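So the structure is just underneath, and the comments pick up after that.
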Amino acid sequence: RDENHIAEQLAPGLLIDDGDDDDDSTNSNDEFQSRRNLPISELLAEYGEQDVHWKTNKPSSNGVEDEDSSSNVPFKSRLKPLSDLLAEYGEQDVNWKKQQEHQHNPMSSKQSNNTDNGMLAPFGKAPIHLEIMSFGYKYNAPKNSKGFSFAHPLPPIDIRDLDRAPGSVSKFNGLSYLVKRCLLNPSKKNDNDNDDDNDGEESSSDTQSPMRQRTNTIADEIIKVLVEAIDEGGHSAINPLTMTVSVGSEYGRHRAVVLVEHLAVVLRARLRRNDGKSFGGTSNNNGIVKQPVSVGTRHRDVEAHHKDEEAFGEDLKRQERAAEKARRRQADELDWDDGNSW
């Protein structure tokens, strides 16, 4: 019922025709018929000659024709022989990446010179791995460490002849910075001095502490056995090797730990340099390492359950207190003698 009602309302409007559409269509037809009968010469005179480049002169996306569109030529016509391109751009430079790195980082060339021959493995454990282990003779020497093999090239290295850590820092183990500073630089007393491992830089033997001198001597021996294991033993990526060098002190808590940590720093610096020179650069008899080597440390007895008070330097503390009392007593006697002289 609703649909019929709507249709009745729309019917009168649909039937109304004012006749304008018929007049427009009639006029357009008459114009088309009249132009159809025109000769081709008049049409050419009106529209002009055909443009053969009309495809290349397409308008741009914004509706405006590009200024240099008329100068565009097909892509193939712009191709040049390889000889012309080489003459224009020059020969290929195989070192262009290094030049770019040098422009961004001027220090890269100096670093590359230091690391061209480097044989220190950059990440993780290499097929040829050097492990330096500290231990305490109080708890027996490591097994299978008699030397004379590529896995254990050196017998246990005894450093009990070196001075012990002072009693003031003996409660800390050898991984502490305080203990390292006292053993590696015993002559420096300033807390603010920069006397850590110096990133492997080696000073002259005249200014070195006894522990640093012993470290450099051991490093020379280890580099020699590394070169021998690689050159004569044939160890490489297809023939891996884990070489262990053991360093022992009395309890394996102070001296051995400090020397092992410093020895690892020195060996990494030697492997980065890899120039075959011994400590001080006086000779080239150490040889060149030809395979990547990684260096690691392990401390067997640093956290052992030490029962002796000597492991914590209690005996040294008593000696220091007794020496302090003797100095005070002597000072008091000098003061008493000066007072009685009047």
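The values are calculated or read from the model by the stated rules, or taken from the named source; none is laboratory data. Just so it is clear, the structure is predicted and the values come from calculations on it, not from any experiment. Glycine gets a Cβ as well: all are built from the backbone with ideal geometry, and neighbour counts include every protein chain shown. Please note that ligands, DNA and RNA were not included when accessible areas were found on the heavy atoms of the full protein model with its side chains. Shrake-Rupley method; radii C 1.70, N 1.55, O 1.52, S 1.80 Å.
Note the per residue figure in Å³ for the convex hull of the C-alpha positions in the stretch 239-327.
Numbers: hull volume 13.0 nm³, N = 89.
Looking at the stretch 239-327, the number lands at 146 Å³ per residue.
Cross-link check: pairs Lys138/Lys171; Lys180/Lys307; Lys143/Lys317 evaluated at a Cα-Cα cut-off of 26 Å; pairs beyond the cut-off: Lys143/Lys317. Scaled to the globular estimate 2.2 N^0.38 Å, the Cα spread of the stretch 217-281, given as radius of gyration, is 1.25.
The figure for Lys138 is an accessible area of roughly 100 square angstrom, using a 1.4 Å probe on the protein chains alone.
Here the spin labels are modelled as points 7 Å beyond Cα on the Cα-Cβ line, and at Asn95 and Leu175 they lie 4.6 nm apart.
Evaluating 6.51 cos²θ - 1.76 cosθ + 1.60 at θ = phi - 60° for every residue in the stretch 247-259, the Karplus couplings come out as 10, x, 10, 5, 10, x, 10, 10, 4, 5, 5, 5, 5 Hz, glycine and proline recorded as x.
Evaluating 6.51 cos²θ - 1.76 cosθ + 1.60 at θ = phi - 60° for every residue in the stretch 241-246, the Karplus couplings come out as 8, 10, 9, 10, 10, 9 Hz, glycine and proline recorded as x.
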